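Presented below is the structure to which this report refers.
The values are calculated or read from the model by the stated rules, or taken from the named source; none is laboratory data. Owing to the predicted nature of the structure, the values given are computational and were not obtained by experimental measurement. In this analysis, Cβ positions are derived from the backbone assuming ideal geometry, glycine residues included, and neighbour counts consider all displayed protein chains. The protein model used for the area step is the full one, side chains on, heavy atoms only, and it has no ligands, DNA or RNA in it. Shrake-Rupley method; radii C 1.70, N 1.55, O 1.52, S 1.80 Å.
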Amino acid sequence: NTYMKKSNISPDITKLSFEEALDQLEDIVSKLEDGSINLEESIEEYTRGVHLKNHCETKLKEATLKVEQITIDKEGKFSTKEFNKNS
């Protein structure tokens with residue numbers, strides 16, 4: 001979703017690795033599904049979950065772009081081009 005920019009994500013989320021963010025997102029989904037939290041907490045957790053989801057998507061896109069920068073020459077040697085986020 002392009003309406004949420006990374007700057008809207010809380011700083012503690014932006015520091016998380018993909019795996020850490022995914023673990024937190026799974027915990028939130030579990031809480032929301034089992035109804036163990038009240039409505040206000042549910043709204044807060046849902047909002048955090050949206051931010052975690054967006055963070056995970058961004059991390060995956062960055063990883064995909066990095067992988068796409070790997071090339072193989074005619075002799076089968078691997079090389080990489082510098083990852084450019086803006087391209």
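Some points to look at:
- For the stretch 33-79, taking the residues that are more than 24 Å from Lys15 (Cα to Cα), among the aliphatic types (A, V, I, L, M) and open to solvent by 50 Å² or more (accessible area, probe 1.4 Å), the one that is modelled with the highest pLDDT is identified as Leu39.
- Restricting the stretch 3-23 to residues that are over 18 Å from Ala63 (Cα atoms) and open to solvent by less than 60 Å² (accessible area, probe 1.4 Å), the residue that is modelled with the lowest pLDDT: Met4
- Residue check for Leu32: on the phi < 0 side of the Ramachandran plot and without any contact (Cβ under 8 Å) to a residue 40 or more places away in the chain: yes
- A single entry from Thr58, Thr64 fulfils the requirement of being in contact (Cβ under 8 Å) with a residue 40 or more places away in the chain and among the β-branched types (Val, Ile, Thr): Thr58.
- Residue-level check: of (1) aromatic (Phe, Trp, Tyr); (2) out of contact with any Lys or Arg (no Cβ under 6 Å at 6 or more places or on another chain); (3) at pLDDT below 80, Phe83 misses just (2).
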